[in-house]
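A quick write-up on the structure given underneath.
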Amino acid sequence: MRAMKNYLLTIAYDGSGFHGWQRQPRERTVQRYLEQTFSRLFGQEILLNGTSRTDAGVHALGQRASFHADIRIPIGRLARVMNNALCGREEGSFALSPVRILEAREVPEEFHARFDARGKRYFYRIRPSRDIDVFRRSYVYHVEDDLNAGAMDRAAKMLIGTHEFKSFEASGGTPRESTVRTITDARVYAGVESCSDEIIFDVSGDGFLYNMVRIITGTLVEIGRGNRRPEEMAEILEGRDRTLAGHTAPPYGLYLAEVFYGQQTGLG
């Protein structure tokens, strides 16, 4: 009888070549790409439970996914073996996979990457410049206007706390019983080092509605342009109406940075 164990992966990926995370029959998705690779590698069906269903074009630095399997490879070598298999799918002697396993660890049998998650952190990269950088076109939102980062930060701070976020939910997602969410941190700041020409929107919370971060980002860009006052953010929250908020920023500037778990899991 095979001894099934529960594993948790921390995953980074370039989402520009994928139709999102979630498995779809005829689309190249991150979940399907990983499941196909690992099922072939381990000679058994591998089904991943991902934490966040990132949209097409969205990237991740810290996606989490759990799965049950009987794997005889020592846990200390598992991530390396998985990464070698992922690179082996790509064409060319020196090709690298757009997906990388950052960590693999064993977790308790009952642990579930999605249902045990207690929060997430996202950041969004904005480049205000009339000079388009073609090498970053799939990784930042190019805005051909100057942006007032200070005004954007003041508006972002109004999101902190427990609020009704109906104004920042796009139609088309999975219906939610509640659109109340708690934002624990929200800030806008200038990029550093090689990204010093960028503005970063950094937000953490217990959960996010469909396209919530992208709609908030679009609203912040309109505030940064001077088309809206920072104080309007509070009015938009109170209005509970999607038409009051700004445009939906494109997916390619968005990154899932971290997934948080409770202290009892030992995962942080």
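The values are calculated or read from the model by the stated rules, or taken from the named source; none is laboratory data. Computed from a predicted structure; not experimentally measured. Quick reminder, even Gly has a Cβ in these numbers, built from the backbone with ideal geometry, and neighbours come from all protein chains shown. These accessible areas exclude ligands, DNA and RNA; they are computed on the full protein's heavy atoms, side chains included. Shrake-Rupley method; radii C 1.70, N 1.55, O 1.52, S 1.80 Å.
Brief remarks on what is shown
- Normalised per residue, the accessible area of the stretch 223-268 is 51 Å², obtained with a 1.4 Å probe and no contribution from ligands, DNA or RNA.
- Of all accessible heavy-atom area on the stretch 193-255, the percent that carbon and sulfur account for (1.4 Å): 45
- Heavy-atom accessible area per residue - the stretch 7-83, 1.4 Å, Å²: 42
- Rounded to the nearest 500, the helix-only mean residue ellipticity at 222 nm of the chain stands at -6500 deg cm²/dmol, with each DSSP H run of n ≥ 4 adding -39,500 (n - 2.57).
- Among V58, L8, P25 - extreme Cα towards positive end, dipole of the stretch 3-126, charges at beta-carbon: V58
- Normalised alpha carbon radius of gyration of the chain [divisor 2.2 N^0.38 Å]: 1.07
- Accessible surface for H59 stands near 0 Å², nearest 10, in the context of the full protein assembly shown (1.4 Å probe).
- Each residue of the stretch 55-70 is assigned a 3J(HN,Hα), and the resulting list reads 6, 4, x, 7, 9, 9, 10, x, 5, 10, 8, 10, 7, 9, 6, 9 Hz, derived from the Karplus form 6.51 cos²θ - 1.76 cosθ + 1.60 (θ = phi - 60°), x at Gly and Pro.
- Angle in degrees between helix 75-88 and the longest Cα principal axis of the chain, rounded to the nearest 10: 80
- Among the GluC sites (Glu not before Pro) within the stretch 121-222, those in coil by DSSP and having at most 14 neighbouring Cβ atoms inside 10 Å are E144, E177.
- Averaged over its residues, the stretch 148-193 has an accessible area of 55 Å² per residue, based on protein heavy atoms and a 1.4 Å probe.
- Extreme residue, positive dipole direction of the stretch 131-209, given options V203, F168, V134 (C-beta unit charges): F168
- Close amide H pairs (under 5 Å, H built 1.01 Å from N) link H142 with R127, residues at least 5 positions away or on another chain.
- Amide H within-cut-off set for H19, under 5 Å, with H built and near neighbours excluded: R28, T29, V30
- Highest mean packing first, where packing is the average number of other Cβ atoms within 10 Å per residue, the peptides 99-107, 130-138 line up as 99-107, 130-138.
- Summarising the amide proton neighbourhood of G207: residues at separation of 5 or more, or on other chains, whose placed amide H is nearer than 5 Å comprise K120, T182.
- Within the accessible area of the stretch 64-183 (1.4 Å probe), percent carbon and sulfur: 48
- Computed from point charges on the beta carbon alone (+1 for Lys and Arg, -1 for Asp and Glu), the dipole magnitude for the chain about its Cα centre is near 740 Debye.
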